[in-house]
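The values are calculated or read from the model by the stated rules, or taken from the named source; none is laboratory data. If you're wondering where the values come from, they're calculated on a predicted model, not measured in any experiment. Here the Cβ positions follow ideal geometry from the backbone for every residue, glycine too, while neighbour counts run over all protein chains shown. Just the protein is used for accessible areas: all its heavy atoms, side chains included, with ligands, DNA and RNA removed. Shrake-Rupley method; radii C 1.70, N 1.55, O 1.52, S 1.80 Å.
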Amino acid sequence: MPKRPHIVIFNPDQWRGDALGHLGHPAVSTPVLDGLVATEAVSFRNAFVQATVCTPSRCSFMTGWYPHVRGHRTMHHMLNPDLGETNLLKVLKDSGYFVWWGGKNDLVPGQLGCEQHCDVHFRPTAADYVRWGVTRREGNHGGDLAWRGPPDGDNHFSFFKGRLDAAGERVYCDGDWSMVYGAIDFLRECEDSDQPLCLFLPLGYPHPPYCVEEPWFSLTDRSSVPPRHVYETWDDKPALLAGIRDGQGLTGWTEERWRELRATYYGMCARVDHQLGLLVDALRETGLYDATALFVFSDHGDFTGDYGLVEKTQNTFQDALSRVPFVVKPPSGASTPGIREQMVELVDFPATVYDMADIDCGYWHFGRSLANVLADPSADHRDAVFCEGGRLEDEAQASERESVSTASSLGLYSPRVNLQVREDRPLLHTKATMCRDTRFKYVRRAYETDELYDLANDPGETQNLIHAAEYAPELARLRDRMLTWYMETTDVVPLTPDQRNFAR
């Protein structure tokens, strides 16, 4: 058995932090995660991402850098090793780990490939599908798009697809299933390996479109779906939200339709939980489980009907988007299982891996290892968490204009992306930063009204208190905390200095 732990990174996409059974959600079914937390894993109730869309968040949690450190604020600016930007996978590979990567990218530049970052970038073959006994299916974005209805209908931008037809097979074998099956095959091949392993499994679910096959589609009791958060006024909220609301055209939806969409999303979460169970079973069957550190977390959350919206935004930080599941099962005996209340950030993930593996990563970062919190439920960690997004006026390269084409004017994401690229004054895609502690959330905005929420009295973040005189002390405190954070994290100085004089 290797001295360094095996590392398994189970990374579903767009899973809200409240959608976990053991955290008290009334509708979602997550028995695998619930069982792990009851016996040997730690679940962080207050885990937050540093960006609320895929690539910026992944660039952050794979480095320990906040988005502002090197400007990773868009879907088209990734971690580039040619520019001196490393990441956790590359560090592990360079440190002797065998790295297997199965699933989406959203991390490193596609034009450079992934060879520097992993030993295997898994792609299933026709023979794999035959061996697994399943038929290859299109992912939830592909195939027949008739489910969207007409462009002028109220389902066209809803992302709601519904029940998937597995045609009598045990699963609807989309990309996620093929990656899970491939990961299980890999673990079985490595049963007797003396080399430490890193398995990176970035899945697509529960990212919308909202759709899942049986039994998960019908698993959620629709009567248990919690009520949505709604805004009574939009005037003191970022303009991008109202623009997306108008573009998505869902204001006429009944609560019954919203419950069906939300129940389908919870079914997608339940399927991911089941897939995690298959992976855990394989770790146990191969004897790798006790020596494995298992990390389960998402890159950001999802509106899922809150505020009458679906999907996500780049520059708003409601807990529905910024708070995510984060469950850690260390190597056997290295934790006190249960739920933790400490504030943590996903930048703490790579720091924890480097600590567990006793690796000097070779660069400066801002993560803090969670080892003490895993062992001691009362250990101190962070007093506040931070999240960033948006852009400045005329900063067109940060608008994601690459996502817009003449063919995409009616694409699923067009109500949001078409607003991001506009150069209206004031800008709709406002650059913004969140500072959140255990009770209050402050959002600083360029060009728009700042936001302040008392989460104890308003967990849905519906009442903006930025101008309320009685909250002025809290506002001043959080502004000062944000300034201190920026001062501490503005840049990274390389650990190896340059030579001042020219060599002779």
Filtering region 86-139 down to residues that are surrounded by 15 or more Cβ atoms within 10 Å (Cβ to Cβ) and assigned to a helix (DSSP H, G or I) yields Leu88, Leu89, Lys90, Val91, Leu92, Lys93, Asp94, Asp128, Tyr129, Trp132
Restricting to region 341-364, name every residue that is of a type outside the set (Asp, Glu) and open to solvent by 40 Å² or more (accessible area, probe 1.4 Å).
Met356, Gly362, Trp364
Here the residues within region 147-162 that are within 14 Å of Leu412 (Cβ to Cβ), in a loop (DSSP other than H, G, I, E, B) and either out of contact with any helix residue (DSSP H, G or I) (no Cβ under 9 Å at 6 or more places or on another chain) or in contact (Cβ under 8 Å) with a residue 24 or more places away in the chain (or both) are Gly149, Pro151, Gly153, His156, Phe157, Ser158, Phe159
Which of the residues spanning region 1-21 are over 14 Å from the mean Cα position of the chain (by Cα), within 19 Å of Gly204 (Cα to Cα) and outside any strand (DSSP E or B)?
Leu20
Residue pairs, Cβ under 8 Å, 6 or more apart or interchain, first in region 225-246 and touching a residue at least 40 places away in the same chain (Cβ under 8 Å) and over 22 Å from Arg425 (Cα atoms), second of a type in the set (A, V, I, L, M, F, W, C) and surrounded by 19 or more Cβ atoms within 10 Å (Cβ to Cβ). List them.
Val225/Ala27; Val225/Ala263; Pro226/Ala27; Arg228/Trp258; His229/Ala320
Which of the numbered conditions does Asp498 fail, given that it passes all the others? Conditions: (1) at pLDDT 95 or above; (2) open to solvent by 60 Å² or more (accessible area, probe 1.4 Å).
(1)
Out of curiosity, is Asp246 surrounded by fewer than 15 Cβ atoms within 10 Å (Cβ to Cβ), touching a Pro at 6+ places or on another chain (Cβ under 9 Å) and part of a helix (DSSP H, G or I)?
yes
Please state which one of Phe303, Phe297 is hydrophobic (A, V, I, L, M, F, W, C) and either touching a Lys or Arg at 6+ places or on another chain (Cβ under 9 Å) or modelled with pLDDT under 95 (or both).
Phe303
Specify the residue that is least open to solvent (accessible area, probe 1.4 Å); the eligible residues are those in region 163-192 that are free of Cβ contacts under 8 Å to residues at least 40 places away in the same chain and part of a loop (DSSP other than H, G, I, E, B).
Asp174
Only one of (1) in contact with a Cys (Cβ under 9 Å, 6 or more places away or on another chain); (2) assigned to a loop (DSSP other than H, G, I, E, B) is not met by Thr304, so which one is it?
(1)
Looking at region 22-76, what helices (runs of 4 or more DSSP H) fall wholly within it and have at least 2 residues that are touching a Gly at 6+ places or on another chain (Cβ under 8 Å), open to solvent by 10 Å² or more (accessible area, probe 1.4 Å) and touching a residue at least 24 places away in the same chain (Cβ under 8 Å)?
31-39
Hey, among Gly308, Gly333, which residue is free of Cβ contacts under 8 Å to residues at least 60 places away in the same chain and at positive phi?
Gly333
Those residues of region 197-224 which are touching a residue at least 24 places away in the same chain (Cβ under 8 Å), of a type outside the set (A, V, I, L, M, F, W, C) and open to solvent by 20 Å² or more (accessible area, probe 1.4 Å), in sequence order:
Gly204, Glu214, Ser218, Asp221, Arg222, Ser224
